[in-house]
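Contents: one structure, followed by commentary.
The values are calculated or read from the model by the stated rules, or taken from the named source; none is laboratory data. Given the structure is predicted, the values throughout are model-derived calculations rather than measurements. All Cβ positions, glycine included, derive from the backbone under ideal geometry; neighbour counts span all protein chains shown. Calculation scope for accessible area: heavy atoms of the full protein, side chains included, ligands and nucleic acids excluded. Shrake-Rupley method; radii C 1.70, N 1.55, O 1.52, S 1.80 Å.
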There are 2 protein chains.
Amino acid sequence: MDLSSFLTSLTTSFVIFVVLMLLFACLSARPGNNVVYYPNRILKGLDPEESGSGIRNPFSWISEALSSTEKDVIAMSGIDTAVYFEFLRTVLGILVLSGIILLPVLLPVAITDNGAMFNSNTTVSTGTFNELDRLSMANITVKSPRLWAFLIATYWASFVSLYLLWKSYKHVSCLRSEALRSPEVKPEQFAVVVRDIPPLPEGQTRKEQVDSYFRTIYPETYYRSMIVTDNKEVNKIWEELEGYKKKLARAEAVYEASKTPSKPQGTRPTNKTGFLGLVGEKVDTIGHCNEKINELAAKLESEQKVTLKEKQQNAALVFFTDRVAAASAAQCLHAQMVDTWTVFDAPEPRQLIWSNLHIKFFGRELRQYVVYIIVALTIFFYMIPITFISAFTTLKNLMKYLPFIKPLARITVLKTVLEAYLPQIALLVFLAILPKLLLFMSKLEGIPTESHAVRAASGKYFYFTVLNVFIGVTVGGTLFSTFKTIQKNPNQIVSLLAQKLPGNATFFLTFVALKFFVGYGLELSRIVPLIIYHLKRKFLCKTEAELKEAWFPGDLGYGTRVPADMLIVTIVLCYSVIAPLIIPFGVLYFGLGWLILRNQALKVYVPSYESYGRMWPHINNRILASLILFQLTMVGYFGVQKFVYAPLLIPIPISSILFGFVCAKKFYPAFQHPALEVAAPSLKDHPNLEQIFRSFIPPSLSSDKVDDDHFEDALSQVSRSTSLV
Amino acid sequence: MDLSSFLTSLTTSFVIFVVLMLLFACLSARPGNNVVYYPNRILKGLDPEESGSGIRNPFSWISEALSSTEKDVIAMSGIDTAVYFEFLRTVLGILVLSGIILLPVLLPVAITDNGAMFNSNTTVSTGTFNELDRLSMANITVKSPRLWAFLIATYWASFVSLYLLWKSYKHVSCLRSEALRSPEVKPEQFAVVVRDIPPLPEGQTRKEQVDSYFRTIYPETYYRSMIVTDNKEVNKIWEELEGYKKKLARAEAVYEASKTPSKPQGTRPTNKTGFLGLVGEKVDTIGHCNEKINELAAKLESEQKVTLKEKQQNAALVFFTDRVAAASAAQCLHAQMVDTWTVFDAPEPRQLIWSNLHIKFFGRELRQYVVYIIVALTIFFYMIPITFISAFTTLKNLMKYLPFIKPLARITVLKTVLEAYLPQIALLVFLAILPKLLLFMSKLEGIPTESHAVRAASGKYFYFTVLNVFIGVTVGGTLFSTFKTIQKNPNQIVSLLAQKLPGNATFFLTFVALKFFVGYGLELSRIVPLIIYHLKRKFLCKTEAELKEAWFPGDLGYGTRVPADMLIVTIVLCYSVIAPLIIPFGVLYFGLGWLILRNQALKVYVPSYESYGRMWPHINNRILASLILFQLTMVGYFGVQKFVYAPLLIPIPISSILFGFVCAKKFYPAFQHPALEVAAPSLKDHPNLEQIFRSFIPPSLSSDKVDDDHFEDALSQVSRSTSLV
């Protein structure tokens, strides 16, 4: 890619961004779009706009985002979101602090040399060398003393990264501890999940078994237990019931709407009972739904009874009367045989994946390794379908198979743009499919909580992007073919990477620019959700509930957002010294990201769970992994440049590894388990244990009619309600 | 070594064994030797011999040892000893069960082949090939289908090992759980050691800091705390005081003894106060000692006060009112910053290494790695100092530096012997010092308990013996030179080992025989302790206390005994299929060992600590490591034999590794921490918490005069003695 093509791509991206910004300014000012641009505030019962009355300033969101504090973010969106901003802030800090030194020092050093002419054959394939590369390390004569500047720059960037990572880890640890320490009553702080309960002894119910076991160990603080049941059947019936309830509401709304003054009795909606409502007997919808609802309600009740009685599994939720007891129980070894009575601290009720709780100890281990192997295979051989698709989606091919774009392709500007973007777009589309698959596979591992599954999926996605996109694109060709090359000499990987890096600098500059201009532009303007919402509102939604469903924004999408950002971190870090020009792009990416997502977090997204910052250790380790990749690449690249002092770089990857080790020792355990000192402070209110207990009953099992004696089989009785002073 | 030389060595060893057995039969029958042969029974207040009255049968010890149960061992010598016997029993079981199949099958298969003639050049250096080797795999023609028998034998030996290891781990886990579950009050079950207490906040004493921290978390179950102090000074004074007390007792005994009828007033003993009592002023010993004792007692008291007030460190012992609270506190994370307020379950008071408790979290980590590096260097390069020392300790040099041995060296016989043995003696001295050195280094790591330090030292010793003795002897030359060879092709190590193994079979047969005949003969007859005791009794001991010190037997010596046995396990396992003749020797070693040590454990040794079987996971892992070494060697050896089905062996090392993994998951955590269910059963008596607390006060700090208000600075007050219902 030459300079003009790069500038075209950059300009196009910028123009798209400006258009999207203007669109946002217009669209968000219309009160009818409030539910798309301010859903989080609306759901929290707040006025859509902070300023309240007065004419809206189309750019006020910027000052609002800038003036918002971490406390605001926590209040509106929880600790997890605050941790995500801490991540953005840390990376931004690293890039800004590195850039302040690297840009003014390295660019002049690089541009005043002319080494590229002499060593272009050895380090950079001549075809790709262009004006931009004159600003990079590729332009330095081999063995030149100018390389000292780059060596010191590597030290500076590493030092800044480690320093800021340390500060952030400390800060996040404090955030977590403060949140857990809060005097608010949180149900999950009183409960513990027990798995791998041994087989029932003769003549005992599961409930008695669990109760007697825990009451012996915790005579003072044990409250009661809830046996985990196999809810597959009951969930199915419940969902069907809910479906009919919605249908009924919709039919009633349609019926109401049909009562025009001209036709006051209205038209009763009808539907067919067969496949997709297209075939079968035609019935009156309202009557049919009512009938079905009554039928299903009875069925649900009897199924609930059967489930609670007969579908009990070898897992349970155990409730304690105080937080310290639960926090302590969650991290203690209970049984001499460690694969029985395993415990972990309960997550929020909405996070618990009930269907995974019954999987046995070694079953989980086994599943984990099987999934790891499958993911590793996916990571290694994913390039096969990608290569196939990219070969297919060249402009020529597209014109051949999709003749209707031919006239478009004749416009020269459009053609340039399409040719510039098509490979990138193919890659982006592919990356979009993967996260769901990885989340599904993570759940297959037997992970018991939603947030944990998201973290696991996000980790897998990170390895995928870094290995395939970054290393794959850099080294050229697939990982698989790279590995075939490397197999002969495993030490070659670093020097191979180092040799290929400078040649791809421009590609990644474009990639980052596309990501932030177009990606964040779309993010802020919410064009797609807006269109979908308006379409749904116009043609589909009949009831309030349906409307709400149509604009409900979902959460920030941790699982994909973090690995995507992490790919940028890896790219920018790895190029920071080799081609420092990438640093401003990185700063723009994370700066814009911070600003736009701050707005989105405060006003749009609704978090779907709260894990109190458990994501941070993963983020920290992955930034560190990127940093170490950068450092190793630099060691290799200095070797390629035949710089005799290259071994002076060896202490930095070592100290990065040591840093990771110290972090894991000092901070990590407090993210695995709640520290007791954090659970000890007293609560604001006396906890309502019954309510805490009830909050964990899944919706399909709870019902107005269901009372305690209904639950007697799976849920133990309050034994000493008088003792709960 | 040829057959006749082998038989000579075997016979000699056997004769020595018989002589030692007879000596034991004679000597142990004399009541005057009871304190050497039955000290454990005497110290437990039992009659030296089980049978009580009647004439002693010189071989009754055998039937007594055979009829003793595990319960007897636990009662007389504790869980740790029982675990050691479980180790012997397991290995014995593995060898017997393997031998039953391997010996009758493999020996005929080997002896009827004559492959050695054809392939002696390739696999065995011709010089060492002899009649015994005809019974080994070295005698099999390459590629022969007879190798199937050896392959199946490898499977059988591996299966038997894993099966018995599994059973034993389960059994030991039960032993540990029963011991911890026992309703006896054990002080260590009520205490927790806290390290890394953060710096004192303004205006608080250490005691207040600890008390307020733990009282917040455990309002119900916290009892009190004991701050760890720097006892170096006070220990020194206390030891000096104890020394003078002993001296006084001795002088008084001497004075009493000098009062003969002819000289009724006796002679008051005198001594000189200077260096070693050889120079200086001559004083009356009794008077001098009394003076010193009074002086030191006053000094001790004031030093105790200073220590308790001013030498407090950042560690403490924390006591709880019940076992579950202590067990739970010992395994919970207390602080958000994991390098502060770290806890572990208190060991027995006698095991606590006070001087290591103040070392900080990362200081411990650092020390650990430094020690590991030093030990690794010692293991790899130990031959360098030895070679240096042997070079120095030639007879010539000795005569030069130690002129007084010149006349001795003139005797020809002595000269020959000295010249032949000096290098070996240097090696033996080094090997004798090594365990102490390793224990010292393990304590340098900052390990806080005696038993843990012994385990760590024992692990290091295991690696030393297996790597240096086994691999060193097999491959020939030192590890260092081997590594230089292997460096060029790391895959070679297994095949190198496999090639060299058969040639050394006879050497190891002799080694094992020597070990069990002479080693266990000396063990049972206790010749050395007997002689030392009688010499001391005659010439040195004047008081009862001194006499008791002279015969006090010490403990079983876990730290060196286990690695030494493990070396035999490694040798026998690795040769079990290659040269099955070694199996009977192994069976004899562990059979005799079991029998003789059973006697010693029941009657002689006094355990110096009790760790409730924490040694087992280490033993299990090391047997497993030996097994995997065996399996890998076999894979290599089948390769050397050009057996095309050799890859069929690959599943067995993999399943062994899996086995280790499953064990570590299923059993190990319960050895790290007490499981709560084990601590939950109620106690026989109501625990006397004050007594439990006092049992942890080190002797140098306790005194009759020292009462609670003396301790007020370092030891917190009982706060709610009324609440301990």
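On association of chains A and B, roughly 3200 Å² of accessible area becomes buried (total for both chains; probe 1.4 Å). Assuming R0 = 60 Å, what is the FRET efficiency of A:THR273 and B:ILE152, from their Cβ-Cβ distance, to the nearest 0.05? Computed FRET efficiency for A:THR273 and B:ILE152 comes out at 0.35.
For the range A:234-304, relative contact order (Cα pairs under 8 Å, six or more residues apart, normalised by length) works out to 37 percent.
Across the range B:576-711, Cα pairs under 8 Å and at least six residues apart give a relative contact order of 20 percent. Using a simple spin-label model with pseudo-atoms 7 Å out from Cα toward Cβ, B:SER655 and A:LYS665 lie 3.9 nm apart.
Among the residues of A:335-345, the average count of other protein chain beta-carbon atoms within 10 Å of the residue beta-carbon is 5. Averaged over the residues of peptide B:325-333, the number of Cβ atoms from other protein chains lying within 10 Å of each residue's Cβ is 5. A:ARG350 to A:LEU648: FRET efficiency via 1/(1 + (r/R0)^6), r the Cβ-Cβ distance, R0 60 Å, to the nearest 0.05? The calculated FRET efficiency here is 0.70.
Each peptide in A:622-634, A:573-585, B:595-607, B:338-350 was scored by the mean count of other Cβ atoms within 10 Å over its residues; highest first, the order is A:573-585, A:622-634, B:595-607, B:338-350. Peptides B:258-265, A:609-616, B:96-103 ranked from most to least packed give A:609-616, B:96-103, B:258-265, packing being the mean of other C-beta atoms within 10 angstrom over each peptide's residues.
Cross-link partners of A:LYS207 among lysines, defined as those whose alpha carbon lies under 20 angstrom from its own and excluding same-chain residues fewer than eight positions apart: A:LYS305, A:LYS309, A:LYS311, A:LYS360. Across the options B:THR285, B:ALA298, B:TYR255, the greatest Cα extent toward the positive end of the charge dipole of the range B:234-304 (unit charges at beta carbon of Lys, Arg, Asp, Glu) belongs to B:TYR255. Sorted from nearest, the other copies put their B:PRO264 label points 14.3 nm away, the label point being 7 Å from Cα in the direction of Cβ. In terms of the mean number of neighbouring beta-carbon atoms within 10 Å, the peptides A:318-326, B:279-287 order highest first as A:318-326, B:279-287.
Once the Cα-Cα distance is subtracted from the 0.36 nm per residue extended length, the B:PHE381 to B:LYS71 segment shows a gain of 107.1 nm. Extension gain for A:GLU546-A:LYS236 works out to 109.5 nm (0.36 nm per residue, less the C-alpha to C-alpha distance).
The mean number of Cβ atoms from other chains found within 10 Å of a Cβ in peptide A:657-666 is 2, as a whole number. Projected label points at B:GLU256 and A:LEU46, each 7 Å from Cα along the beta carbon direction, are separated by 8.9 nanometres.
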